[in-house]
Amino acid sequence: MLKAEILPVNLGENVCMPCHGPAKAQIVLVEWTRPDLESPEYVFFFRDERSYTSYQHWSFVGRVELKDKEMKNGDVSLILSSVRISDVGVYECRISQGKTRSKRANIKMEPIQVISLKVEEEGAKTNVWHIGAAASLILSAVVVILVAVIFKKRNREQK
């Protein structure tokens, strides 16, 4: 089993999940699956020179497409649009090459790429940054006040 490549993405953004077959291969079938999905588990399904939305899990219909529809140089990377929290999970890319037009039921292919998609909320990062900036400002103000008080006290003692 391939080790999953961790791919972080911000909520709402588009992400390209990389997957490459042999450069000169004639790719006749492309499957992107997420094993944790209930049937159908297909994120994307391509066969007979076209994609099939009827095989897709409903949550991915209209949100996925091949990066290169011609699959030049074996590129079967998948673009997922408008990433949602529910998109977190492990994605597997499989291909079949050659002239065969076998139906899915007759094929058992191992994944050539495994992606672990991690969705991060952009706001969470921003909020942490804002809290850190506010804390720094408050700390700086306290230091300035302390320095001013000490400076005033020394001036009084010298007089």
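The values are calculated or read from the model by the stated rules, or taken from the named source; none is laboratory data. All values derive from a computational prediction rather than experimental measurement. FYI the Cβ positions are ideal-geometry reconstructions off the backbone, even for glycines, and counts take in every protein chain you see.
When you check R34 against the structure, is it in the same structural domain as Y91 (by TED's automatic domain parsing) and either more than 13 Å from Y91 (Cα to Cα) or in contact with a helix residue (DSSP H, G or I) (Cβ under 6 Å, 6 or more places away or on another chain) (or both), yes or no? Can you show your working first?
On the way: in the same structural domain as Y91 (by TED's automatic domain parsing): yes; either more than 13 Å from Y91 (Cα to Cα) or in contact with a helix residue (DSSP H, G or I) (Cβ under 6 Å, 6 or more places away or on another chain) (or both): no.
It is false that R34 is in the same structural domain as Y91 (by TED's automatic domain parsing) and either more than 13 Å from Y91 (Cα to Cα) or in contact with a helix residue (DSSP H, G or I) (Cβ under 6 Å, 6 or more places away or on another chain) (or both).
Mind listing just one residue for me: the one in segment 78-98 that is of a type in the set (D, E, K, R) and surrounded by 19 or more Cβ atoms within 10 Å (Cβ to Cβ) and, of those, nearest to I112 (Cα to Cα)?
From segment 78-98, those of a type in the set (D, E, K, R) are 84, 87, 92, 94; that's our starting set.
The next check asks that each one be surrounded by 19 or more Cβ atoms within 10 Å (Cβ to Cβ); those that pass are 87, 92, 94.
Working: D87: 20, E92: 8, R94: 6 Å.
It comes out as R94.
Can you find a residue that is within 19 Å of E120 (Cα to Cα) and assigned to a strand (DSSP E or B) anywhere in segment 45-58? Break it down into steps so the answer makes sense when it comes.
Narrowing segment 45-58 to residues within 19 Å of E120 (Cα to Cα): none.
Looking for residues that are within 19 Å of E120 (Cα to Cα) and assigned to a strand (DSSP E or B), one finds none in segment 45-58, hence no.
Considering only residues that are within 19 Å of G89 (Cβ to Cβ), among the β-branched types (V, I, T) and surrounded by fewer than 17 Cβ atoms within 10 Å (Cβ to Cβ), which ones fall in segment 43-67?
Hit for segment 43-67 is V61, nothing else.
For segment 7-23, indicate whether the set of residues that are touching a residue at least 24 places away in the same chain (Cβ under 8 Å), aliphatic (A, V, I, L, M) and more than 29 Å from E122 (Cα to Cα) is non-empty.
Checked segment 7-23: at least one residue is touching a residue at least 24 places away in the same chain (Cβ under 8 Å), aliphatic (A, V, I, L, M) and more than 29 Å from E122 (Cα to Cα).
Within segment 65-86, can one find any residue that is modelled with pLDDT under 90, more than 13 Å from M17 (Cβ to Cβ) and within 17 Å of the chain's Cα centre (by Cα)? Don't jump to the end; show me each part of the working.
At the first step, the residues of segment 65-86 found to be modelled with pLDDT under 90 are none.
No, segment 65-86 contains no residue that is modelled with pLDDT under 90, more than 13 Å from M17 (Cβ to Cβ) and within 17 Å of the chain's Cα centre (by Cα).
Each row is one residue, and each column tells you yes or no for (1) at pLDDT below 65; (2) out of contact with any Asp or Glu (no Cβ under 7 Å at 6 or more places or on another chain); (3) not small (G, A, S).
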position: G89; (1), (2), (3): no, no, no
position: E92; (1), (2), (3): no, yes, yes
position: R104; (1), (2), (3): yes, yes, yes
position: E110; (1), (2), (3): no, yes, yes
position: I115; (1), (2), (3): no, no, yes
position: V119; (1), (2), (3): no, no, yes
position: E122; (1), (2), (3): no, yes, yes
position: A134; (1), (2), (3): no, yes, no
